[in-house]
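Just so it is clear, none of the values below were taken in a lab; they were calculated from the coordinates. Just so you know, these numbers come straight off a predicted model, no measurement behind them. Every residue, glycine as well, gets a Cβ built from its backbone with ideal geometry; the counts of neighbours run over all protein chains shown.
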Amino acid sequence: MDILQLVEELEDLLEDASSVPLSRKVMVDPDEIFEILKEIRQNLPEEIKQAMWITEEKERILTEAQQEANEIRTSATKEAERMRTEAQNRLQEMISEHDITRSAENLAREIEMKADQNARAISMQATTYIDDMFASAQGKLSDLLSILDESRAELRNQKK
């Protein structure tokens, strides 16, 4: 019999006991009570052993759970730190790539502006050269016209 049943037996014995008139006291058979107490005493060590084992097991499980929680927390912290470092590195890469892109775009604009300036300068030089050539040709044509006019005038003078 387990201890709880024996305690219930004691309670039943007290409930069923005869009461002493004009008082709250009851009369019980001491042999029955001693017999129940003896059985409780015999079963008590096993119950205590079980309770102690349960307590120890509870403590062991709690300790293991605490250790596991600490390991998970440590692992999660390391993973979070790794992810943070990785994100910072990627951010730096993106910033560098952005800076390189921005520098390349600025360089492209500079090259384009210089090319436009060079094209305008070459165009102006070409226009000046052509104008000089036209002026030279015009001067030579003027000289030729003068020579032609003189030659015609001489030819007319010879006819007379």
Residues located in the stretch 32-64, provided they are of a type in the set (D, E, K, R) and exposed (fewer than 11 other Cβ atoms within 10 Å of the Cβ)
Lys49, Glu56, Glu57, Lys58, Glu59, Arg60, Glu64
Using beta carbons and a limit of 6 Å, which pairs, at least six apart or on different chains, have the first residue in the stretch 29-44 and touching a residue at least 24 places away in the same chain (Cβ under 8 Å) and the second one not hydroxyl-bearing (Ser, Thr, Tyr)?
Ile36/Leu6; Ile36/Glu9; Ile36/Leu10; Glu39/Leu6; Ile40/Ile3; Ile40/Leu6; Asn43/Ile3
Among the residues of the stretch 106-118, are any of a type in the set (Val, Ile, Thr) and over 24 Å from the mean Cα position of the chain (by Cα)?
yes
One residue from Thr55, Thr77 being over 35 Å from the mean Cα position of the chain (by Cα), of a type in the set (Ser, Thr, Tyr) and assigned to a helix (DSSP H, G or I)
Thr55
I'm trying to understand the selection: among the residues of the stretch 18-31, which are part of a strand (DSSP E or B) and surrounded by 12 or more Cβ atoms within 10 Å (Cβ to Cβ)?
Val26
Suppose the filter is surrounded by 10 or more Cβ atoms within 10 Å (Cβ to Cβ) and farther than 30 Å from Ile3 by Cα; does Thr74 pass it?
yes
Condition first: within 30 Å of Ile3 (Cβ to Cβ), assigned to a helix (DSSP H, G or I) and among the small types (Gly, Ala, Ser). Can you find one or more residues in the stretch 104-120 that meet it?
no
